[in-house]
1. Do we find a residue being among the basic types (Lys, Arg) and either open to solvent by 20 Å² or more (accessible area, probe 1.4 Å) or in contact with a Cys (Cβ under 9 Å, 6 or more places away or on another chain) (or both) anywhere in the stretch 48-67?
2. Quick check on my filter: what residues within the stretch 141-155 are open to solvent by less than 20 Å² (accessible area, probe 1.4 Å) and at pLDDT below 95?
3. Identify, please: which residue in the stretch 81-100 is touching a strand residue (DSSP E or B) at 6+ places or on another chain (Cβ under 6 Å) and closer than 20 Å to VAL151 by Cβ and is, among those, most open to solvent (accessible area, probe 1.4 Å)?
4. Given the conditions (1) more than 21 Å from PRO175 (Cβ to Cβ); (2) touching a residue at least 12 places away in the same chain (Cβ under 8 Å); (3) not β-branched (Val, Ile, Thr), which single one is not true for GLN25?
5. Farther than 16 Å from VAL174 by Cα and either of a type in the set (Ser, Thr, Tyr) or open to solvent by 80 Å² or more (accessible area, probe 1.4 Å) (or both) - does that describe any residue in the stretch 33-42?
6. Just to be sure I understand the filter: pairs with C-beta atoms under 9 Å, separated by 6 or more residues or on different chains, first member in the stretch 160-180 and at positive phi, second member at pLDDT below 90. Which pairs pass?
7. Run down TRP71, TRP78 and say which single residue is aromatic (Phe, Trp, Tyr), within 17 Å of SER147 (Cβ to Cβ) and either open to solvent by less than 10 Å² (accessible area, probe 1.4 Å) or in contact with a strand residue (DSSP E or B) (Cβ under 9 Å, 6 or more places away or on another chain) (or both).
8. Can you tell me which of (1) open to solvent by 40 Å² or more (accessible area, probe 1.4 Å); (2) under 27 Å from GLU28 (Cα atoms); (3) at pLDDT below 95 is the one ASN118 doesn't meet?
Amino acid sequence: MITRAGTGPLRRLVVLRHAKSAWPQGVEDHRRPLASRGLRDAPAAGRALAEADCLPDLALCSTAVRARRTWELASAEWGTPPPVRYDSRLYGADVPDLLEVIREAPPEVETLLVVGHNPGLEELVLELARDGLDDTLDQVRTKFPTSAIAVLSWHGTGWPALGPAGGLLTSFTVPRGHRE
């Protein structure tokens, strides 16, 4: 049985792994661009979030080129994108680093999007989810591929209150764009 945990307004943490990146020779990791598939999948991720009525009030994005480009292409699918904060701490971040950045979100933000990298994002979702709808947790444990979107819901008065097993994994999707 899934029960409500915590008090306060319903909040959603949307975790988006960057779209598929290219590996050009001689390009440092932080500067790697999106691959052709990533250029198709990132807008599909934006459409999926819009269709699920899961648009953020604020986005936090890694400074890596592939994450920034994923954000740009995904948010271009929405009428008016929310503010975005690019944060170098999200590049290569582990769970404690990710939580530090997330907990700095203003209390008025009810839906927060984080665009970043694995393995940190997958580990974050597994750390924060006390339970999941359907087989969402099993899907995350199996694979958290590029362009994957995990949505965690929780009740809390502010982002500093989010902690281990504090959320419910309500959805996990891997949007893919179509070749033209």
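1. No, the stretch 48-67 has no match at all.
2. Within the stretch 141-155, just TRP154 meets the criteria.
3. Once the filter is applied, the top-ranked residue is ARG85.
4. Answer for GLN25: the failing condition is (2).
5. Yes, because at least one residue in the stretch 33-42 is farther than 16 Å from VAL174 by Cα and either of a type in the set (Ser, Thr, Tyr) or open to solvent by 80 Å² or more (accessible area, probe 1.4 Å) (or both).
6. ALA165/ALA5
7. Checking each option against the conditions leaves just TRP71.
8. ASN118 satisfies all of (1) open to solvent by 40 Å² or more (accessible area, probe 1.4 Å); (2) under 27 Å from GLU28 (Cα atoms); (3) at pLDDT below 95 except (3).
The values are calculated or read from the model by the stated rules, or taken from the named source; none is laboratory data. Remember, predicted model here, so these are calculated numbers, not experimental data. As a convention, Cβ positions derive from the backbone with ideal geometry for all residues, glycine included, and neighbour counts pool all protein chains shown. The area values use the complete protein model at the heavy-atom level, side chains included, leaving out ligands, DNA and RNA. Shrake-Rupley method; radii C 1.70, N 1.55, O 1.52, S 1.80 Å.
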